[in-house]
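A short write-up of the structure that comes next.
The values are calculated or read from the model by the stated rules, or taken from the named source; none is laboratory data. Quantities reported herein were computed from a predicted structural model and do not represent experimental measurements. Positions of Cβ are backbone-derived with ideal geometry, glycine not excepted, and every protein chain shown enters the neighbour counts. Heavy atoms of the whole protein, side chains included, go into the accessibility calculation; ligands, DNA and RNA do not. Shrake-Rupley method; radii C 1.70, N 1.55, O 1.52, S 1.80 Å.
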Amino acid sequence: MKKIVKKWGLFSVILLLSIGIIVGCGTQGQKTQDKAVATQNDKKEAFKDSGKQFPVTITDDANREVTIEEEPETIVSIQTSNTEIAFALGLGDKIIGVSDYDNYPPEVEKIEKVGAQDINSELVLTLLPDIALVTDYHYKTHPETLKQFEDAGIDVVVVGSAESFEDVYSKIEMIGTATGSKIEAEKIVTDMKERIQAIKDKAAAVKDKKKVWVEVSPAPDIFTTGQNTFMHEMLETIQATNAAEDQEGWVKMTEEEIVKLNPDVIITTYGYYVDNPTAGVLSREGWTEVPAVKNKNVFDVDSDTVTRPGPRLIEGVETLAELIYPEIYKQ
């Protein structure tokens, strides 16, 4: 029935059912048909008055035109950032499936897990959501699975990766449009932009830019973030210098290379799986003369707020600002 409704529209289904009643019941069938049509017209008027814009056609991040006939009532999100966006849009009660790695907000713990890079396609087809939010990785590696979803009447929206705040704004707006939450999406983006601008305004007071080393994995395999990452953009926003600004993306560096950079502040992002990462950095042999270590300016931040492309990125910027320039941002 769900596929029929998607293909022909609710009105057509009601009309077909009404015709069947006419054949079987004569005059009573005519009355039933009239009532059904009147009810459907009432629904159309209510739908029109609600301000919702369905059907809607979007171009997703796989550059596909996806037409969504009706406002989705059930959603499966197979990516942590998409889930956070959906909850921020007020769609939490519609989400019936999330990825294995979802951890925010706390409500996701009670929602069915449907896989991660490898999708539990049977479970998704059993849940039969109205819409599935997948990633560009899924699109490239699991095309047959996504086609199964579409054949079952599930609208599939591909949400790609993001390297900047502008990318995140675009994804929030796309998911908002696809789910009937366009106004909510605009509010979230506006709030994020206003808070970013407030940070930039305060950053004008920075006289001596601090050099910041960002460590996203601990020794012995130490990785950092160069250009085209959220952390790099965040540091630029608060008028700090990324110690690895001459690098691109996620790169591995040796302790000897890092010490020579002489950072004023060290930020770690792996406290969720390493006990007391700050103490670990402060106790490293050969690092005692590094300004950040000497002055104990080593801090751990929640990785999800500085790497996950969702609404909480603004919290990451605000946290970094207060840690790196407390004299300016904690006033």
*Between residues in the stretch 87-111 that are open to solvent by 20 Å² or more (accessible area, probe 1.4 Å) and residues that are of a type in the set (Ser, Thr, Tyr) and outside any strand (DSSP E or B), which pairs lie under 7 Å by C-beta distance while being six or more apart or on different chains?*
90/181; 94/74; 96/74; 101/80
*asked:* I'm trying to understand the selection: among the residues of the stretch 55-79, which are in a loop (DSSP other than H, G, I, E, B) and either touching a helix residue (DSSP H, G or I) at 6+ places or on another chain (Cβ under 8 Å) or of a type in the set (D, E, K, R) (or both)?
replied: 60, 61, 62, 64, 69, 70, 71, 72, 73, 74, 78
*For residue 173: the one exception among (1) farther than 25 Å from residue 56 by Cα; (2) open to solvent by 20 Å² or more (accessible area, probe 1.4 Å); (3) in contact with a helix residue (DSSP H, G or I) (Cβ under 6 Å, 6 or more places away or on another chain)*: (1)
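Table: residues versus (1) open to solvent by 80 Å² or more (accessible area, probe 1.4 Å); (2) more than 23 Å from residue 206 (Cα to Cα); (3) at pLDDT 95 or above; (4) not in a strand (DSSP E or B).
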{"residue": "232", "(1), (2), (3), (4)": "no, no, yes, yes"}
{"residue": "259", "(1), (2), (3), (4)": "no, yes, yes, yes"}
{"residue": "272", "(1), (2), (3), (4)": "yes, yes, no, yes"}
{"residue": "279", "(1), (2), (3), (4)": "no, yes, yes, yes"}
{"residue": "284", "(1), (2), (3), (4)": "no, yes, yes, yes"}
_The listed residue being open to solvent by 20 Å² or more (accessible area, probe 1.4 Å), in contact with a helix residue (DSSP H, G or I) (Cβ under 8 Å, 6 or more places away or on another chain) and farther than 30 Å from residue 58 by Cα, out of 203, 198, 219_ = 219
*Scope the stretch 71-83; condition surrounded by 24 or more Cβ atoms within 10 Å (Cβ to Cβ) and not polar (S, T, N, Q); matching residues*: 75, 76, 78
*Qualifying residue in the stretch 42-57 (condition: out of contact with any strand residue (DSSP E or B) (no Cβ under 9 Å at 6 or more places or on another chain), at pLDDT below 80 and among the polar types (S, T, N, Q))*: yes
_Search result, residues across the stretch 286-298 that are open to solvent by 50 Å² or more (accessible area, probe 1.4 Å) and either in contact with a Phe, Trp or Tyr (Cβ under 6 Å, 6 or more places away or on another chain) or closer than 20 Å to residue 323 by Cα (or both)_ = 294, 295, 296
_Looking at residue 224 and the list (1) open to solvent by less than 20 Å² (accessible area, probe 1.4 Å); (2) closer than 28 Å to residue 166 by Cβ; (3) part of a helix (DSSP H, G or I), which single condition is not satisfied?_
(3)
*Could you tell me which numbered condition residue 268 fails, if it satisfies all but one of (1) of a type in the set (S, T, N, Q); (2) closer than 19 Å to residue 199 by Cα; (3) open to solvent by less than 10 Å² (accessible area, probe 1.4 Å)?*
(2)
*So is residue 193 closer than 24 Å to residue 237 by Cβ, crowded, with 20+ Cβ neighbours inside 10 Å, at pLDDT 95 or above and basic (Lys, Arg) or not?*
no
*Within the stretch 304-331, which residues are open to solvent by 20 Å² or more (accessible area, probe 1.4 Å), within 14 Å of the chain's Cα centre (by Cα) and within 17 Å of residue 232 (Cβ to Cβ)?*
307, 308, 309
*When both residues are 6+ apart or on different chains and their Cβ atoms are under 8 Å apart, which pairs have a first residue that lies in the stretch 151-170 and is closer than 18 Å to residue 139 by Cα, and a second that is among the hydroxyl-bearing types (Ser, Thr, Tyr) and in a strand (DSSP E or B)?*
158/135; 159/135; 160/135; 161/135
*What is the number of the single condition among (1) open to solvent by 80 Å² or more (accessible area, probe 1.4 Å); (2) over 30 Å from residue 75 (Cα atoms); (3) within 27 Å of the chain's Cα centre (by Cα); (4) touching a residue at least 24 places away in the same chain (Cβ under 8 Å) that residue 209 does not meet?*
(3)
